[in-house]
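Down below is the structure, laid out as structure tokens.
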Amino acid sequence: MARVQFAINVRAVSSQQDFTRLVRRADALGYDVLAVPDHLGGLAPFAALSAAGMISERLRLRTYVLNTGFWNPALLAREVATLDVLSQGRAEFGLGAGHMKREHDDARLPWLPLEARARALEKMALEVRHRMADPAHRPQPVQQPVPLLVGAMSNPTLSVAARHAQIVGFSGLRHVPGTPAGTFTVYSAAETAQRVEEVRRQADGRPYRSDVLLPWVVIGRDPEEAAAEIASASGGHLTVAQLLDTPFALLAQDVEHAVDELRRRQQRYGFDSVTTRQPNLEALGEVIAAY
């Protein structure tokens, strides 16, 4: 099996000192990638990643993921290429269709239906990549190409990922109909296997990494107890059974069981990249040390 890469997604810090400590801690724990999302109310992704690249000379720097509707291709190509130059070739271009309508409303940007967002995602990915591949583009990125990650879970967006991405980011979350934005449930193991097989079919032998998002990582507790606590905090949108079944949560009684479970998922789904969120920095760090 391919070596698994580990990424930490950083959304908010209170100061320069906190950010510096976080980046250095991620580096010391053995993470391979530091990622920043693209949400109003969070860090500006390219500013944060550029700063991280000055703090760590090893970590790769990923947008995870940019909202296509927030950008235009010319400006985005400039941002990605600049990050790649300043980090000496460590940028990763993560792009998604967007899933938070309220943020687009707040930014006074149009919100399109899913199929239209998927088409816009594909168009953006191709044009940005085309611009950066042009020898006349300035700045000229170090990597050719800068790796493209497409974050997706719906059929239309996973189809874009299958055709174009060097890293397919399986996000694992779906919005609960009729609830406020940001209210999610998770895909089951069976549903995930179906999505994985469809991506493989559409990729038709084209190589890519498969990244799995782990919003929940709890190590050192009984998995059922951990699942019950998470389910209780979800307001009824998640169940214990769902959390114990889904490959988008890592609940393990100890580090050894966590390592075994990630290896099992790599065999079943091909997940050779793992991304978690900032609160799980230390928990997944324990797993990295034992991997």
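The values are calculated or read from the model by the stated rules, or taken from the named source; none is laboratory data. Here the structure is a predicted model, which is why all the values come from computation and not from measurement. For neighbour counting, all protein chains shown are included, and Cβ atoms are generated from backbone atoms with ideal geometry for every residue, glycine included.
Quick look at the numbers
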item: Residues (small (Gly, Ala, Ser) and in a helix (DSSP H, G or I)) located in the stretch 23-59; result: 26, 28, 47, 48, 50, 51, 52, 53
item: Conditions (1) part of a helix (DSSP H, G or I); (2) without any contact (Cβ under 8 Å) to a residue 24 or more places away in the chain; (3) closer than 25 Å to residue 67 by Cβ; (4) in contact with a strand residue (DSSP E or B) (Cβ under 8 Å, 6 or more places away or on another chain); number of the one not met by residue 191; result: (4)
item: Of residues in the stretch 1-22 being among the charged types (D, E, K, R) and not in a helix (DSSP H, G or I), the one nearest to the chain's Cα centre (by Cα); result: 11
item: Number of the exception - residue 76 against (1) buried (at least 23 other Cβ atoms within 10 Å of the Cβ); (2) touching a Pro at 6+ places or on another chain (Cβ under 9 Å); result: (2)
item: Filter result (free of Cβ contacts under 8 Å to residues at least 60 places away in the same chain and in a loop (DSSP other than H, G, I, E, B)) within the stretch 232-256; result: 234, 235, 236, 238, 239, 253, 254
item: Any hit, the stretch 141-150, residues being of a type in the set (Val, Ile, Thr), surrounded by 15 or more Cβ atoms within 10 Å (Cβ to Cβ), over 30 Å from residue 242 (Cβ atoms) and touching an Asp or Glu at 6+ places or on another chain (Cβ under 9 Å); result: yes
item: Whichever residue in the stretch 211-240 is among the β-branched types (Val, Ile, Thr) and touching a Lys or Arg at 6+ places or on another chain (Cβ under 9 Å) and, among such residues, is surrounded by the most Cβ atoms within 10 Å (Cβ to Cβ); result: 212
item: Qualifying strands (runs of 3 or more DSSP E) (wholly inside the stretch 110-178; at least 1 residues being aliphatic (A, V, I, L, M), farther than 17 Å from residue 38 by Cα and touching a Pro at 6+ places or on another chain (Cβ under 7 Å)); result: 167-170
item: Residue 184, sole failed condition from (1) in contact with a Lys or Arg (Cβ under 9 Å, 6 or more places away or on another chain); (2) at pLDDT 95 or above; (3) not β-branched (Val, Ile, Thr); result: (2)
item: Residues of the stretch 94-111 satisfying the condition of being out of contact with any Lys or Arg (no Cβ under 8 Å at 6 or more places or on another chain) and either surrounded by 17 or more Cβ atoms within 10 Å (Cβ to Cβ) or within 17 Å of residue 45 (Cα to Cα) (or both); result: 95, 96, 99, 100, 103, 104, 107
item: Some residue of the stretch 197-213 being in a strand (DSSP E or B), of a type in the set (S, T, N, Q) and at pLDDT 95 or above; result: yes
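Here's the yes/no breakdown for (1) of a type outside the set (Gly, Ala, Ser); (2) closer than 21 Å to residue 139 by Cα:
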| position | (1), (2) |
| --- | --- |
| 61 | yes, yes |
| 65 | yes, no |
| 74 | no, yes |
| 81 | no, yes |
| 86 | yes, yes |
